[in-house]
Every structure is written in C-alpha cells, then in structure tokens.
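The values are calculated or read from the model by the stated rules, or taken from the named source; none is laboratory data. Every value quoted in this text rests on a predicted model; they were computed, and no experiment measured them. Note that we place each Cβ from the backbone using ideal geometry, even for glycine, and neighbour counts take in every protein chain shown. With ligands, DNA and RNA removed, areas are computed over all heavy atoms of the protein, side chains included. Shrake-Rupley method; radii C 1.70, N 1.55, O 1.52, S 1.80 Å.
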Amino acid sequence: ALIDAAAADADFPADIVAVMSNTASAGGLAIAEQAGIPTVVVESKPFGKDRAGFEAKLQAALDDARVELICLGGFMRLFTAEFVQRWHGKILNIHPSLLPSFPGLDPHGQALRAGVKISGATVHFVIPETDAGPIVMQGAVAVRDDDDAESLAARVLSVEHKIYPEALRLVASDAARLDGDYCRLVTLQSCDDSLIVPPPR
Ligand SMILES: Nc1nc2c(c(=O)[nH]1)N[C@@H](CN(C=O)c1ccc(C(=O)N[C@@H](CCC(=O)O)C(=O)O)cc1)CN2
Ligand SMILES: NCC(=O)N[C@@H]1O[C@H](COP(=O)([O-])[O-])[C@@H](O)[C@H]1O
C-alpha cells in the first residue's frame, strides 16, 4: 500500500528507497522486487538475544540506503531504547488494534476475547515502550458476531492500507511530528470520515 501510494502520486512526500526484513521469507520483499525497489535482509536469528548486535547491522543497512524515515509493517521484534532514541520521531508502526487497547501480540484475539464491537488499526510513532507511542492516525471497523481472528484481521488490514499511506504523508511532509508525548499536527488536517469504515453489507 505504501509502494502504491508513493507511485501513484508524483507529489507524495516520500520515496520508498528500500524494503528491509529480518527474515528472507517476508512476503513484502517479493512485492518490493516486483516494484523495482531495492531489498535488504538482515537476519535477526543469528543474533539470538543480542538485540544491539542485530540493530548495529540493521543501522549500517539503513545508512547505506540513506533512509530518513522507517515504516514498520509486521516487524515482530522489539527495538532497544537506544535504537529508538537514535531514530526519535522517525519510526512509524502500524498495529492492528485501536491502541492503547490490545498492544503486543495477537491483538485480534485480544479484541475478540474482550468482546469489543469496534476494532481497527493504529499508526503511531515508535517509542521504547511497546505500542505506546503517540498516535498519528486510526481507522475503525465494526466487529461482527461471526468474526474470528482471520476474518477480523482481513477487514482491519483493508483499513491499514488506507491509513498508513495517509499517516506517512502527514509525517513525511512534516504536517505531523513527534512533540514530546504528543503527535503534534503542525497544520490543520481535514479529517477524512471515510477512514471510519462502516461494516460491510
Ligand atoms: N521498542 C519498540 N519496538 C517495537 C515497537 C515499539 O512500539 N517499541 N513496535 C513493534 C511492533 N509490534 C507491534 O506492533 C510488536 C512486535 C513484536 C513484539 C514482541 O513481543 N516480539 C518478541 C518476539 C515475538 C516473536 O518472535 O514472535 C520479541 O522481540 O522478543 C511486540 C510488539 C516493533 N518493535
Ligand atoms: N505488532 C505488529 C503487527 O501485529 N503488525 C501486523 O502485521 C501485519 C503484517 O504482517 P505480514 O507482513 O506477515 O502480513 C500488519 O498488517 C499488521 O497488522
């Protein structure tokens, strides 16, 4: 969705300069290759619990690609506080729940077990505390009585594909920035109500 958004708008304020993964099996690498975007794999498994060692190798790849802003998508490893502070205000993550509800792993299962009627996705700045960074944008879906984790994830994913490009547009154009504990909207943004996704008929 980020690749498509950047390709579709000549004025999009960001270029996808590389897609990187900590595992060679990540599906996004093939999508990037098909789009002619450089890919990099920095395997995390050889580093075991040595997060700093993995991050040093990742940082070198980010430097080589001259990355200025990181957008995480399904990156299932926690960063050290040192790495996050080095990239202060320059790492976004998308999480498939309406944070601060249901952070961490299995958010859809958490939502279903809690019996919530509305779920969705959140784009937030990454801070050392997991899934706790200031929120840039959210989109919602109704939870249906017959939903399981797979069906809910599929509907939430369609919202992710809508809000992540728009959140990146805001941050890359400096219309939204991390300001202490807040995501500060530097310019008034017209809220796009279509991001509140009604339940499918
Ligand atoms: N310091 C931070 N690192 C990361 C954040 C963050 O907010 N602060 N966001 C996550 C993404 N994420 C949810 O959106 C997430 C990813 C991974 C985990 C986690 O517990 N990972 C375990 C390993 C789990 C596994 O291998 O299956 C771990 O790293 O020990 C929780 C939340 C990205 N990083
Ligand atoms: N905590 C982060 C998290 O849960 N991210 C989730 O992983 C998906 C991508 O995974 P995939 O590339 O395996 O489809 C993302 O769409 C998001 O819902």
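Between residue 114 and residue 76, how high is the FRET efficiency from 1/(1 + (r/R0)^6) when r is the Cβ-Cβ distance and R₀ = 30 Å? Nearest 0.05.
That pair, residue 114 with residue 76, gives E of 0.85.
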Check: Which distance in nm do the two modelled labels at residue 63 and residue 161 give, with both placed 7 Å along the Cα-to-Cβ direction?
Finding: 3.7 nm
Next item on the list: Provide the FRET efficiency to the nearest 0.05 for the residue 7-residue 86 pair, computing r from the beta carbons and using R0 = 22 Å.
Entry: 0.15
Note to self: Please compute the per residue accessible area over the chain with all protein chains in place, 1.4 Å probe, rounded to a whole number of Å².
What the structure shows: 56 Å²
Notebook entry, point to check: Cross-link list 57/90; 45/162; 117/162: which exceed 25 angstrom alpha carbon to alpha carbon?
Noted result: 45/162
Item checked: Set of region 66-95 residues, backbone N closer than 13 Å to the point 7 Å along the Cα-Cβ line of residue 18 -> 66-71
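Count the net charge of all other residues whose Cβ sits under 15 Å from the Cβ of residue 79, scoring Lys and Arg as +1 and Asp and Glu as -1.
Charge balance near residue 79 sits at +1.
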Notebook entry, point to check: Among 107, 93, 175, which residue has its Cα positioned farthest towards the positive end of the charge dipole of the chain, with +1 placed on the Cβ of Lys and Arg, -1 on the Cβ of Asp and Glu, and the dipole taken about the Cα centre?
Noted result: 107
Margin query: Give me the percent of accessible area attributable to carbon and sulfur for the chain, probe 1.4 angstrom.
Written below: 54 percent
Check: Measuring from label point to label point, each 7 Å out along Cα→Cβ, what is the residue 56 to residue 105 span in nm?
Finding: 2.8 nm
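Would you calculate a helix-derived [θ] at 222 nm for the chain, using -39,500 (n - 2.57) for each DSSP H run of n ≥ 4 and dividing by the full residue count, to the nearest 500?
-10000 deg cm²/dmol
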